[in-house]
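Q: The structure is given below, and queries will be raised subsequently.
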Amino acid sequence: MTMPASSRVEITPDLEICRILNGMWQVSGGHGSIDPKSAVEEMFSYHEAGFTTWDLADHYGPAEDFVGAFRREFLIRYGAERLPEIRAFTKWVPHPGRMTRRIVEDAVALSLSRMGVDRLDLLQFHWWDYTDPGYLDALRHLDDLQHEGKIRHLALTNFDTERARIIADHGIRIVSNQVQYSLVDRRPEKRMAGFCRDNGISLLTYGTLLGGLLSEKYLGRSEPARSELGTASLRKYKNMIDAWGGWPLFQQLLAVLKQIADKHEVSIANIGVRYILDRPAVAGVIVGARLGVSQHIAGNTRVFAFALDSSDLSLIEPVLSQSRDLMQVIGDCGDEYRQP
Ligand SMILES: NC(=O)c1ccc[n+]([C@@H]2O[C@H](COP(=O)([O-])OP(=O)(O)OC[C@H]3O[C@@H](n4cnc5c(N)ncnc54)[C@H](OP(=O)(O)O)[C@@H]3O)[C@@H](O)[C@H]2O)c1
C-alpha cells in the first residue's frame with residue numbers, strides 16, 4: 001500500500017475503511033460501456049493502491065457480482081488470510097410495500113450470495129416514502145439478521161435528520177448515513193452532521209466531485225448543454241449546480257479552487273474531496289469509478305498529501321455565500337429522492 005495512515009479511519013473498532021471509497025454506481029449503465037473482465041481486473045489496481053473500500057448497491061447492475069468475482073480472484077492470487085482487506089458496502093433499496101421478515105431476509109441472502117460473503121460488512125438501507133413507517137419494520141428485521149451474524153453493521157442512505165433520530169430512538173444502532181455532500185451541496189452541515197456527531201454516526205458522502213464537473217475539465221468552459229454531459233452522474237449534478245446558483249457562480253468557484261489547487265500543487269478535485277473529508281462527522285468520500293473506462297487512482301492519492309489552511313477556506317467561503325440555500329430549495333438530506 002502506498003497511501004499514508006491518514007487515508008484510513010475506523011468507523012467502528014472492527015471496521016476500518018479507506019477514506020476515499022470507490023463508488024460502483026458507475027458500472028450500472030449510463031456511464032459508458034463496462035467490460036466485466038477489465039472492470040474486475042481494474043478493482044485490483046484500486047486495491048493495490050490502498051483504495052480497498054467499495055460502495056455499491058443491490059440495484060447497481062452487476063456491482064455485487066463484480067465484488068463476488070473480485071473476491072474469488074483475490075483468493076487465488078493472495079490467499080484467504082488477505083480477504084478481510086476488502087471492504088464492500090452494499091445497499092438495500094426495497095420497493096415500497098410491507099416489510100416482512102421473509103422479504104428482508106431474501107434481500108440480504110441475495111446480496112450475500114452475489115458478493116460471495118457469509119456476512120455483509122455494512123448494509124446501507126434506503127427508504128422512498130416516509131408516510132409509510134414500514135422502514136422501522138425493515139430495520140427491526142435487519143437488526144435481527146445482524147444479531148444472527150448476517151450483517152456486521154447497519155447503516156442508512158439518504159435518510160433525513162428527523163427519521164435518523166426516530167430510528168435511534170427505537171434503539172436501532174446505525175453506524176453511518178450516506179448522503180450527498182459537496183462544496184455545492186452543503187445541506188448535511190445544517191442538521192445532519194451535528195446529529196451524527198452526537199450519536200457516533202459517520203457520514204459517507206457522494207456527489208462530492210459532482211460527477212466530474214468539479215475539475216479542471218470544466219474550468220472556463222461555457223455552460224454545457226444536457227446532450228454534452230455524457231454520464232448520468234454529470235447530468236444529476238448539473239441539475240444540482242443549477243439549483244445551487246447556476247453556471248457563472250460555479251465558474252467562480254472553480255476559479256478559486258484552481259488558485260488553491262495550484263498553491264498546493266494538487267487538482268481541483270483534490271481540493272473538493274479534502275474540503276469534505278475535513279467536515280465534522282465525515283468518515284469517507286465516495287468517488288465514482290468507471291472501472292475499465294477511466295481512472296484517477298494516482299490523482300486521488302494526493303488528497304492525503306496536503307492540508308487546507310484558513311486562508312484557503314477564506315477564499316472559498318465568499319463564493320459559497322452567494323449561492324442559494326439548498327436546505328430551503330430541496331430540504332434535508334435525501335429529500336431530492338422524495339420530491340412530489
Ligand atoms: N446513495 C445514493 O443515493 C447515491 C447517489 C449517487 C452516488 N452514490 C455513490 O457515490 C458514488 C459516486 O458517484 P457520483 O455520481 O457521486 O460521482 P462523483 O464521485 O461525484 O464523480 C465521479 C467522477 O468524477 C471524476 N473524477 C474522479 N476522480 C477525479 C479526479 N481526481 N480528477 C478529475 N475527475 C475525477 C471521474 O470522471 P471521469 O470518469 O469522466 O474521468 C468520475 O467518474 C457512486 O458510485 C455511488 O457509489 C450514491
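Q: Using the Cα atoms of the range 153-225, I'd like the radius of gyration and the largest Cα-Cα distance, Dmax, both in angstrom.
A: Calculated on Cα positions, Rg and Dmax stand at 15.4, 51 Å.
Q: Restricting to the range 1-158, compute how many DSSP beta bridges are antiparallel as a %, nearest 5.
A: Details: 4 of 18 bridges.
For the range 1-158, the DSSP antiparallel bridge percentage is about 20.
Q: Also, I was wondering about something else. Multiply the residue gap between Ser222 and Asp137 by 0.36 nm, knock off their C-alpha separation, and tell me the result in nm, one decimal place.
A: On the way: separation 85, 0.36 × 85 = 30.60 nm, distance 4.87 nm.
Gain in length upon complete extension: 25.7 nm.
Q: Could you pull out the pairs from Lys190/Lys258; Lys150/Lys236; Lys150/Lys190; Lys37/Lys258; Lys91/Lys263; Lys238/Lys258 whose alpha carbons sit more than 31 Å apart here?
A: Long pairs (Cα-Cα over 31 Å): Lys150/Lys236; Lys150/Lys190; Lys37/Lys258; Lys91/Lys263.
Q: Among Phe74, Phe89, which comes first, then next, by fewest other beta-carbon atoms within 10 Å?
A: Listed from fewest to most nearby Cβ atoms, that is Phe74, Phe89.
Q: Projected area of the range 190-340, taken from the Cα convex hull and averaged over every viewing direction, in nm²?
A: Working: hull surface 40.0 nm².
If I average the Cα hull's projected area over directions, I get 10.0 nm².
Q: Ok, one more. Explain nothing, just compute: Karplus ³J(HN,Hα) = 6.51 cos²θ - 1.76 cosθ + 1.60, θ = phi - 60°, for every residue of the range 258-274 in order, whole Hz, x for Gly and Pro.
A: With coefficients 6.51, -1.76 and 1.60, one gets 5, 4, 5, 4, 4, 4, 8, 6, 10, 10, 4, 4, 4, 5, x, 6, 4 Hz.
Q: Which whole-number percent of Cα pairs in the range 273-339 have a distance greater than 14 Å?
A: Details: 1640 of 2211 pairs.
Tail of the P(r) past 14 Å holds 74 percent of the pairs.
Q: Listing Ser323, Ser222, Ser113 from the residue with the fewest other Cβ atoms within 10 Å to the one with the most, what is the order?
A: Values: Ser323 20, Ser222 9, Ser113 12.
Fewest-to-most ranking of Ser323, Ser222, Ser113: Ser222, Ser113, Ser323.
Q: State, to one decimal in nm², a quarter of the convex hull surface area for the C-alpha atoms of the range 53-187, i.e. the direction-averaged projected area. Please report the intermediate quantities before stating the final value.
A: On the way: hull surface 36.5 nm².
With every direction weighted equally, the projected area is 9.1 nm².
Q: While we're on this one: Magnitude of the Cβ-charge dipole of the chain, K/R +1 and D/E -1, about the Cα centre, nearest 20 debye? Can you show the working numbers first?
A: Values: 39 positive and 44 negative charges, 59 e Å.
The calculated dipole for the chain is roughly 280 debye.
Q: Which value results when the Cα radius of gyration for the range 32-130 is divided by 2.2 N^0.38 Å?
A: 1.15
Q: Taking every eigenvalue of the Cα gyration tensor of the chain, multiplying by 5 and rooting it, what semi-axes result, largest first, whole Å?
A: Details: eigenvalues 185, 120, 72 Å².
Taking √(5λ) for each eigenvalue gives 30, 24, 19 Å, largest first.
Q: Same structure, new question: Let me have the 222 nm mean residue ellipticity of the chain computed from DSSP H runs of 4+ only, each contributing -39500 (n - 2.57), with the sum over all residues rounded to the nearest 500.
A: Values: 12 runs with 136 residues, N = 340.
Rounded to the nearest 500, the figure is -12000 deg cm²/dmol.
Q: What nm value, rounded to one decimal, do you get for the distance between Asp278 and Arg235 when each label is placed 7 Å out toward the C-beta?
A: Between Asp278 and Arg235, the label points sit 3.5 nm apart.
Q: Then there's this: By count of other Cβ within 10 Å, fewest leading, how are Phe306, Phe70, Phe159 ordered? Don't skip to the end; give the middle numbers.
A: On the way: Phe306 17, Phe70 23, Phe159 26.
Listed from fewest to most nearby Cβ atoms, that is Phe306, Phe70, Phe159.
Q: Using the Karplus curve 6.51 cos²θ - 1.76 cosθ + 1.60 with θ = phi - 60°, what ³J(HN,Hα) values do you get for each residue of the range 78-91, in whole Hz, with x for Gly and Pro?
A: Going residue by residue, I get 10, x, 4, 5, 9, 4, x, 4, 7, 10, 10, 9, 9, 10 Hz, with x marking Gly and Pro.
Q: How big is the Kirkwood radius of the range 213-267, worked out from every pair of different alpha carbons and given in Å to one decimal?
A: Values: mean 1/r = 0.0848 Å⁻¹.
Result for the range 213-267, one decimal place: 11.8 Å.
Q: Please give the per residue volume of the convex hull enclosing the alpha carbon atoms of the range 279-318, rounded to a whole number of Å³.
A: Values: hull volume 4.7 nm³, N = 40.
With only Cα atoms used, the range 279-318 gives 117 Å³ per residue.
Q: How big is the equivalent ellipsoid of the range 1-60 along its three axes, where each semi-axis is √(5λ) from the Cα gyration tensor, reported in whole Å from largest to smallest?
A: They are 24, 14, 8 Å, listed from largest to smallest.
Q: Starting from the Cα coordinates of the range 200-245, work out the convex hull volume and express it per residue in Å³. Don't jump to the answer; show the numbers that get you there.
A: Numbers: hull volume 4.6 nm³, N = 46.
That works out to 99 Å³ per residue.
Q: How much net charge surrounds His264 when only the other residues with a Cβ under 13 Å from the Cβ of His264 are counted, with Lys and Arg +1 and Asp and Glu -1?
A: Values: positive: Lys258, Lys263, Arg274, Arg302; negative: Asp262, Glu265, Asp309, Asp312.
Here the count lands on 0.
Read-outs throughout are calculated quantities, based only on the coordinates presented, and are distinct from any laboratory measurement. Only a predicted model underlies this, so the values are computations on that prediction, with no experimental measurement involved. Here Cβ is always computed from backbone atoms with ideal geometry, including for glycine, and neighbour counts include all displayed protein chains.
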